[in-house]
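A short worksheet on the structure shown next.
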Amino acid sequence: MSSNNESIGKTLGVVVGLCLVCAIVVSIASVQLRPMQQASKAKDIQSNILTVAGFKDVKDVFATFEANVESKVINLETGEFVDIDANSFDFEKTKFDQKRSVKLAKAEDKAGVQRMTNNSPVYFTRDAQGQLETIILPIQGYGLWGIMYGFLALEADGETIKSINFYKHNETPGLGGEIQNPRWNALWNGKSLPIDVVKGGANGEHKVDGLSGATLTSNGVDNTVDFWTSDKAFGPFLAKVRKGALN
C-alpha cells in the first residue's frame, strides 16, 4: 500500500510540476508576444485608415501613415480636442472602461453599441498646400450577428462622404459580408449626410442602395452612420468643421 501511495504521489508531483512549467512558458510567451500583437493591431488600424482615405497599394503602412495622416482625440460632447495620444488610444478597450465611457439608454442607442467612449480619435489628411482634405471617423454598430467596426471618410466640408470601410465584423459571407465589397463601398462616394440606406432605387445625394439579401446588415449600417454623425457622437465636432475650425 505504501508503495502505491508513493507512486501516486510521484505521479501527481510530476503532473503538478509539468503544469507549472507550462504555465510559466505560456506566461513568458504572452509577455514577449504582446508588443508584436499590439504592433500588428496598430498596423491593421492604420492600413484601414489609409484605405478609407484613398491611399492604394501601400507598401510601408507605418511610414505612409506617419507622413500623411494627422491623429487627434476629441471630446464627443463638446467636439473640442483633448490632450490624449491618439496613437495609443484603444477604441474598443476604452469603451468598456466605466471611467472613460458611458452606458447608453436603449432609446438613444440606435447603433446598438451599449456603451460609448467619452472621447474618440479622429484622423485627417491634408493636401500639398496643407489644406484639410479628408476627415476620418471611427464608427461601430450592430449588424446581424455582432458589432461592425469601420471608418467613415468625409470631405473637408464635413458633409460629403468620400468613402466608407468596415474592417471587422461577423456578417454572413456573400450577404452582409458585402459591406467590405469595394463595389458597394463605391456607392457611398459623393453622397451627403444624412444618409439613408434603402432597398433599391437609391436616387438622390442622401440615399445609398442596401445590400441584396442582407436587410438587417443594411439597417445596421444605416443606424451606425446615422448615430455616429448625430449630435450624440461626432455631431458637435462636425459642426465645428463646417464652420472652418480645421482650415
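Couple of notes before you dig in:
- Scanning segment 57-107 for residues that are more than 25 Å from Leu132 (Cα to Cα) and not in a loop (DSSP other than H, G, I, E, B) yields Glu92, Lys93, Thr94, Lys95, Ser101, Val102, Lys103.
- Qualifying positions in segment 194-206 - within 14 Å of Asp226 (Cα to Cα) and either touching a Gly at 6+ places or on another chain (Cβ under 8 Å) or β-branched (Val, Ile, Thr) (or both): Ile195, Val197, Val198
- Matching residues in segment 185-196 - criterion: being among the hydrophobic types (A, V, I, L, M, F, W, C) and in contact (Cβ under 8 Å) with a residue 12 or more places away in the chain: Leu187, Trp188, Leu193, Ile195
- Residue check, Ile135 in contact (Cβ under 8 Å) with a residue 12 or more places away in the chain, of a type in the set (A, V, I, L, M, F, W, C) and over 24 Å from Asn247 (Cβ atoms): no
- Restricting attention to segment 154-175 and to residues that are out of contact with any helix residue (DSSP H, G or I) (no Cβ under 6 Å at 6 or more places or on another chain), among the acidic types (Asp, Glu) and assigned to a loop (DSSP other than H, G, I, E, B), the residue that is farthest from Arg126 (Cα to Cα) turns out to be Glu159.
- Considering residues of segment 78-93 that are of a type in the set (Asp, Glu) and under 19 Å from the mean Cα position of the chain (by Cα) only, the residue modelled with the lowest pLDDT: Glu92
- Within segment 165-216, the only residue that satisfies the criterion of being more than 23 Å from Leu137 (Cα to Cα) and of a type in the set (D, E, K, R) is Lys199.
- Any hit, segment 132-153, residues being over 18 Å from Asn223 (Cβ atoms) and surrounded by fewer than 17 Cβ atoms within 10 Å (Cβ to Cβ): no
- Which listed residue, of Lys168, Lys162, Lys199, is in contact (Cβ under 8 Å) with a residue 12 or more places away in the chain, more than 27 Å from Lys41 (Cα to Cα) and not β-branched (Val, Ile, Thr): Lys199
- Residue that is surrounded by the fewest Cβ atoms within 10 Å (Cβ to Cβ) [pool: residues in segment 95-125 that are over 15 Å from the mean Cα position of the chain (by Cα) and within 16 Å of Val52 (Cβ to Cβ)]: Phe124
- Each residue in segment 202-226 was checked for being in contact (Cβ under 8 Å) with a residue 24 or more places away in the chain, crowded, with 16+ Cβ neighbours inside 10 Å and in a loop (DSSP other than H, G, I, E, B), and 2 of them qualify.
- Counting only residues that are touching a helix residue (DSSP H, G or I) at 6+ places or on another chain (Cβ under 7 Å), surrounded by fewer than 17 Cβ atoms within 10 Å (Cβ to Cβ) and part of a loop (DSSP other than H, G, I, E, B), segment 176-196 holds 1 of them.
- Residue, nearest to Phe227 (Cα to Cα), within segment 128-145, restricted to residues that are polar (S, T, N, Q) and not in a strand (DSSP E or B): Gln131
The values are calculated or read from the model by the stated rules, or taken from the named source; none is laboratory data. Nothing here was measured: the structure is a model prediction, and the numbers come from that model. Reconstructed Cβ throughout: ideal geometry from the backbone, glycine too, with neighbour counts over all protein chains shown.
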